[in-house]
Amino acid sequence: MEALLKYFPDLSPLQLKQFDQLDALYKEWNAQINVISRKDIENLTTRHILYSLSIAKIIEFKAGSKVLDLGTGGGFPGIPLAILFPKTQFWLVDSIGKKIKVVEAVAEALGLKNVVAKNCRAESIKQRFDFVVTRAVAKLPQLLRWTRLLYSKKHQHIIPNGLLALKGTNNAAAETQQIGTDSYSEVHPVSEIFEGDYFETKCIVYVQSR
């Protein structure tokens with residue numbers, strides 16, 4: 001909790017309790033369904049919770065807005081973001097049913113009323129969202145093909161609706177070259193947001209399709 005409070009000092013007692021519960025919940029579920037590597041489960045706060053929350057340093061999601069976590073896996077970055085933004089609606093989707101089972105159980109244990117978990121593919125989604133967030137799902141050109149029809153035309157944030165993808169720095173540099181001139185992109189190094197060796201090679205890529 002010390003690391004979280006360093007970067008997010010205004011967390012409520014409820015949010016602190018929910019973040020504190022994540023370690024035990026994921027260790028329990030990971031023993032049954034392997035959704036996080038053994039190496040990462042011992043570094044959950046840094047490699048999953050804080051890394052997910054780096055998106056919140058780029059944009060503050062507004063109350064009533066909708067965010068899609070595409071290929072959420074065990075619930076990252078969606079679950080930490082849902083804790084941080086309790087008035088934002090989060091859809092966490094994955095094509096692997098057992099991973100969604102974990103997401104549903106964790107959200108229920110935390111009492112998160114702003115999380116919808118769905119076992120589906122991007123192509124079947126009919127809802128529209130302000131933002132799509134992802135981590136380790138696919139390369140940017142493929143992500144843009146999957147998500148181009150998923151954005152609401154109503155823009156209500158400081159940046160236009162679009163994709164926020166957690167990426168490795170080297171991958172991001174190559175992939176932004178492949179998305180073409182019809183999309184606007186920005187790369188935000190996570191090392192400029194959080195301290196620590198793990199974040200030196202991590203970034204957030206924001207892409208707005210024109």
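The values are calculated or read from the model by the stated rules, or taken from the named source; none is laboratory data. Quick caveat: nothing in here was measured; it's all calculated off a predicted structure. So basically every Cβ, Gly included, is an ideal-geometry build from the backbone, and we count neighbours across all protein chains shown.
Within 16 Å of Leu166 (Cα to Cα), outside any helix (DSSP H, G or I), at pLDDT 95 or above and touching a Pro at 6+ places or on another chain (Cβ under 7 Å) - does that describe any residue in the stretch 62-73? Yes, the stretch 62-73 contains a residue that is within 16 Å of Leu166 (Cα to Cα), outside any helix (DSSP H, G or I), at pLDDT 95 or above and touching a Pro at 6+ places or on another chain (Cβ under 7 Å). Would you mind stating whether Tyr206 is of a type in the set (Phe, Trp, Tyr), more than 24 Å from Val35 (Cβ to Cβ) and not in a loop (DSSP other than H, G, I, E, B)? It is true that Tyr206 is of a type in the set (Phe, Trp, Tyr), more than 24 Å from Val35 (Cβ to Cβ) and not in a loop (DSSP other than H, G, I, E, B). For beta carbons closer than 6 Å, sequence separation of 6+ or different chains, a first residue in the stretch 130-159 that is within 14 Å of Ile55 (Cβ to Cβ) and a second that is of a type in the set (Asp, Glu) and surrounded by 14 or more Cβ atoms within 10 Å (Cβ to Cβ), the qualifying pairs are Val133/Asp69. Does the stretch 165-187 include one or more residues that are buried (at least 21 other Cβ atoms within 10 Å of the Cβ), under 17 Å from the mean Cα position of the chain (by Cα) and within 16 Å of Leu68 (Cβ to Cβ)? Within the stretch 165-187 (the criterion being buried (at least 21 other Cβ atoms within 10 Å of the Cβ), under 17 Å from the mean Cα position of the chain (by Cα) and within 16 Å of Leu68 (Cβ to Cβ)), the answer is yes, since at least one residue qualifies.
Within the stretch 52-72, restricting attention to residues that are in contact with a helix residue (DSSP H, G or I) (Cβ under 7 Å, 6 or more places away or on another chain) and of a type in the set (Ser, Thr, Tyr), which residue is nearest to Gln156 (Cα to Cα)? Step by step, filter the stretch 52-72, then rank; the result is Ser54. Counting only strands (runs of 3 or more DSSP E) that sit wholly inside the stretch 78-181, those with at least 1 residues that are among the β-branched types (Val, Ile, Thr) and under 30 Å from Trp29 (Cα atoms) are 89-94, 115-119, 131-135.
Of all residues in the stretch 27-82, those being under 15 Å from Lys99 (Cβ atoms), surrounded by fewer than 23 Cβ atoms within 10 Å (Cβ to Cβ) and under 9 Å from the mean Cα position of the chain (by Cα) number 0. If you go through the stretch 104-125 one residue at a time, do you hit one that is within 26 Å of Gln89 (Cα to Cα), loosely packed, with under 13 Cβ neighbours inside 10 Å, among the basic types (Lys, Arg) and at pLDDT below 95? Scanning the stretch 104-125, I find no residue that is within 26 Å of Gln89 (Cα to Cα), loosely packed, with under 13 Cβ neighbours inside 10 Å, among the basic types (Lys, Arg) and at pLDDT below 95, so the answer is no.
Only residues that are at pLDDT below 95 and not small (Gly, Ala, Ser) were counted across the stretch 85-97, and they come to 1. Of the residues Gly71, Gly162, Gly111, which single one is in contact (Cβ under 8 Å) with a residue 40 or more places away in the chain, within 20 Å of Arg47 (Cα to Cα) and not acidic (Asp, Glu)? Checking each option against the conditions leaves just Gly71. Scanning the stretch 66-97 for residues that are over 20 Å from Leu143 (Cβ atoms) and touching a Lys or Arg at 6+ places or on another chain (Cβ under 9 Å) returns Phe85, Pro86, Lys87, Thr88, Gln89.
For the criterion of being touching a Leu at 6+ places or on another chain (Cβ under 7 Å), over 21 Å from Gln208 (Cβ atoms), among the polar types (S, T, N, Q) and crowded, with 18+ Cβ neighbours inside 10 Å, Thr134 fails. (1) without any contact (Cβ under 8 Å) to a residue 12 or more places away in the chain; (2) of a type outside the set (D, E, K, R); (3) closer than 24 Å to Phe61 by Cα: which one isn't true of Ala82, the others all being true? The failed condition is (1). Every condition in (1) touching a Phe, Trp or Tyr at 6+ places or on another chain (Cβ under 7 Å); (2) β-branched (Val, Ile, Thr); (3) surrounded by fewer than 20 Cβ atoms within 10 Å (Cβ to Cβ) is met by Thr201 except one, and the failing one is (1).
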